[in-house]
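Below is one structure, written out as structure tokens; the observations come after it.
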Amino acid sequence: MKSRFFLMFFVLFLVVAFLTSGALAQEWPTRPINIIVFSAAGGSTDLSNRALAEAMKPYLGVDIVVQNMEGAMGGTATSYVWDAPHDGYLWFGLSEGFFGQCVLGIHPTTVEDWEFFWVGGTPGIISVRKDSPYQNFQELLDDIKERPGEITIATSIPGCIWHIQYLTFERYGGYDLEWIPYPGSRPSIVSAIAGEVDVVWTGLGEQAEFLKAGQLRPLAMYDTKSHEFAGVTVPPITDFVPELAEIMPLRQCVGFALPADTSPEILDKITGAFVEGMKEKPVLDFAENVYSELYGYYGKEAKDFARRSQSTFAWLLWEEGV
């Protein structure tokens, strides 16, 4: 008799909990939302989320507050969001740097555990200082062949998109350079301008002001098509290493994510606000200011993009012993 009573009570409890959660999801949001960005203020990840927060706020009807939480190569913010209630009030501001976390031992989650909303990204560009002897990318390649392991190249931290792009160039092209990581893209750019390294590989948005000022000379874009910038046509790297077309697109992406077990009703509301927010001026201004291509990926498209990217990131890092 007691067992039947407890069974009935348990079933009733589950029904009430289900109905209550559904009602709460329909009412959501009733208080401000926080976006925890895993990198410093001022970068593309931070700026994209601030633009989205402003653009999406009218469609959700509550404030969206952006907070930067650096540490552990992004792991501090990842853990903070993952360990909090998955109720839609805490979003994870991230970039493609997240894709290497699982293989680097930073956080155990993979892309299967999150739902992504990708705003866009700036293309990778390979440049040299203004007084460099390399006038074009072919001259650089010829010298690399002549002096393997002697030419120095700077990127940001291990596992960042620019490092991953460089690894594909090294692997698919069979080129050997001395890679020097820096704690960020700006320090790597400054090192190239100062002559500490021969080549720098970061994003167009990060090099833009230095390129316009003539402090850097662009040699190639990590792309299959050329780009026009500051009156210069920058050729695609696939003109020189055609094998790289096999692995593309492999590009920067910035945006936010939520745990995949967040209520579908809440995710639907966020998706609607995201779609509308991508058309708004704050997001369009962000793209123009940092020379970013807008993606607007969500749902299956965003997840598939993340799966492909994480596979490339994880295997390259694993095989390099990083």
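The values are calculated or read from the model by the stated rules, or taken from the named source; none is laboratory data. All figures in this text were calculated on a predicted structure; none of them were measured in a lab. Note that each Cβ is placed from the backbone with ideal geometry, even for glycine, and that neighbours are counted across all protein chains shown. Heads up: the accessible areas ignore ligands, DNA and RNA and are worked out on the full protein's heavy atoms, side chains in. Shrake-Rupley method; radii C 1.70, N 1.55, O 1.52, S 1.80 Å.
If one computes the Cα centroid of the range 141-196 and of the range 59-134, what distance in Å separates the two points?
That distance is 23 Å.
Sum up the charges of everything whose Cβ sits under 13 Å from the Cβ of Phe210, counting Lys and Arg as +1 and Asp and Glu as -1, but leave Phe210 out. Each step should come with its number before you reach the end.
Working: positive: Arg129, Lys130, Arg186, Lys212, Arg217; negative: Glu206, Glu209.
Its environment carries a net charge of +3.
Determine the sum of side-chain charges near Gly277: Lys and Arg each +1, Asp and Glu each -1, restricted to other residues whose C-beta is under 15 angstrom from that of Gly277. Present the calculation step by step, with values, prior to reporting the outcome.
On the way: positive: Arg50, Lys57, Lys269, Lys279, Lys281; negative: Glu54, Asp63, Asp268, Glu276, Glu280, Asp285.
Summing Lys/Arg as +1 and Asp/Glu as -1 gives -1.
When only Cα pairs under 8 Å and 6 or more residues apart are kept, what is the percent relative contact order across the chain?
Numbers: 580 pairs, mean separation 86.4, N = 322.
Computed over the chain, the figure is 27 percent.
Computing the accessible area with a 1.4 Å probe over protein heavy atoms, can you report the carbon and sulfur percentage for the range 230-322?
Numbers: 2320 of 4440 Å².
Ligands and nucleic acids excluded, carbon and sulfur give 52 percent.
Take each complete run of DSSP H in the chain, measure how far its Cα atoms stretch along the helix's own axis, and keep only those covering 18 Å or more with mean Kyte-Doolittle hydropathy at least 1.0; list them. Working shown, then result.
Numbers: long enough: 2-27 (37 Å, 1.45); 44-60 (23 Å, -0.32); 264-277 (19 Å, 0.29); 299-320 (31 Å, -0.92).
Within the chain the helices that satisfy the rule are 2-27.
Can you tell me which of Glu206, Glu96, Glu146 moves the most in a GNM of the chain? Springs connect C-alpha atoms under 10 Å apart.
In this elastic network of the chain, the residue with the biggest mean-square fluctuation among Glu206, Glu96, Glu146 is Glu146.
Per-residue accessible area for His227 at 1.4 Å probe radius, Å² rounded to 10?
Solvent-accessible area, nearest 10 Å²: 40 Å².
All other residues with a Cβ under 15 Å from the Cβ of Leu104 taken together, and with Lys, Arg as +1 and Asp, Glu as -1, what is their net charge? Write out the running numbers ahead of the final one.
Values: positive: none; negative: Glu96, Glu319, Glu320.
Net local charge, Leu104 excluded: -3.
Rounded, prolate or oblate: which fits the range 218-305, taking a ≥ b ≥ c as square roots of the Cα gyration tensor eigenvalues, rounded meaning a/c under 1.5, else prolate when a/b beats b/c?
Working: a/c = 4.07, a/b = 1.74, b/c = 2.34.
The shape class here is oblate.
Rounded, prolate or oblate: pick one for the range 178-251, where a ≥ b ≥ c are the square roots of the eigenvalues of its C-alpha gyration tensor, a/c under 1.5 means rounded, and failing that, prolate if a/b is larger than b/c, else oblate. All intermediate terms of the calculation are to be shown ahead of the outcome.
Working: a/c = 2.06, a/b = 1.34, b/c = 1.53.
Oblate, because a/c is 1.5 or more while a/b does not exceed b/c.
Could you work out [θ]222 nm for the chain from helices alone, using -39500 (n - 2.57) per DSSP H run of at least four and dividing by all its residues? Round to the nearest 500 deg cm²/dmol. Display every interim value, and only then the final one.
Details: 11 runs with 142 residues, N = 322.
Dividing the helical sum by the residues of the chain leaves -14000 deg cm²/dmol.
Taking only Cα atoms and a 10 Å spring cutoff, compute GNM fluctuations for the chain and point out the largest among Val290, Val275, Val66.
Between Val290, Val275, Val66, it is Val275 that shows the largest mean-square fluctuation.
Could I have the simple spin-label model distance between Arg31 and Ala245, label points 7 Å from Cα toward Cβ, reported in nm to one decimal?
5.5 nm
Over the chain, average the accessible area per residue using a 1.4 Å probe and give it in Å², no decimals. All intermediate terms of the calculation are to be shown ahead of the outcome.
Details: 14840 Å² over 322 residues.
That works out to 46 Å² for each residue.
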